[in-house]
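The values are calculated or read from the model by the stated rules, or taken from the named source; none is laboratory data. Here the structure is a predicted model, which is why all the values come from computation and not from measurement. Here the Cβ is made from the backbone with ideal geometry for all residues, glycine too, and neighbour counts use every protein chain on show. Protein only, heavy atoms only, side chains kept; ligands, DNA and RNA dropped before computing areas. Shrake-Rupley method; radii C 1.70, N 1.55, O 1.52, S 1.80 Å.
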Amino acid sequence: MCRHRHNHDLRHTYITASLMAGVSPKVVSQRAGHADVAFTMKTYQHVLPGIDEAAADRAASYMLGRREIPATAQHP
């Protein structure tokens with residue numbers, strides 16, 4: 001049981017750190033082996049406060065002609 005808990009803690013830490021580092025939630029979800037990205041986001045949304053605001057700011061900057069896309073943004 002102790003080993004299982006340790007592995008779970010490492011898994012949680014990896015997922016949390018990846019999301020906080022700006023890794024795409026879809027990629028994190030796939031690497032974690034989750035059934036879909038919705039599960040990942042429901043479980044880990046608490047570690048991403050302001051993600052909606054940051055996304056809106058990026059989109060607005062791009063639409064207003066400021067084409068610099070932050071390094072953490074995924075390019076199409």
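Every residue in segment 30-44 that is assigned to a helix (DSSP H, G or I) and open to solvent by less than 60 Å² (accessible area, probe 1.4 Å), please.
Within segment 30-44, the subset assigned to a helix (DSSP H, G or I) is 30-32, 37-44.
Those that are assigned to a helix (DSSP H, G or I) and open to solvent by less than 60 Å² (accessible area, probe 1.4 Å): ALA32, VAL37, ALA38, THR40, MET41, THR43, TYR44.
Let me spell it out: the conditions are (1) open to solvent by less than 90 Å² (accessible area, probe 1.4 Å); (2) at pLDDT 85 or above; (3) not in a helix (DSSP H, G or I), and THR16 meets all of them except one. Which number is the exception?
Every listed condition holds for THR16 apart from (3).
Considering only residues that are of a type in the set (S, T, N, Q) and under 19 Å from HIS8 (Cα atoms), look in segment 18-45 and name the one that is nearest to the chain's Cα centre (by Cα).
Only one residue fits best here, namely SER18.
Being modelled with pLDDT of 90 or more and either in contact with a Gly (Cβ under 9 Å, 6 or more places away or on another chain) or surrounded by 10 or more Cβ atoms within 10 Å (Cβ to Cβ) (or both) narrows it down to one residue among VAL47, VAL27; which is it?
Just one listed residue meets the conditions, VAL27.
When only residues in segment 50-76 that are surrounded by 12 or more Cβ atoms within 10 Å (Cβ to Cβ) and part of a loop (DSSP other than H, G, I, E, B) count, which is modelled with the lowest pLDDT?
Top of the filtered list is ALA73.
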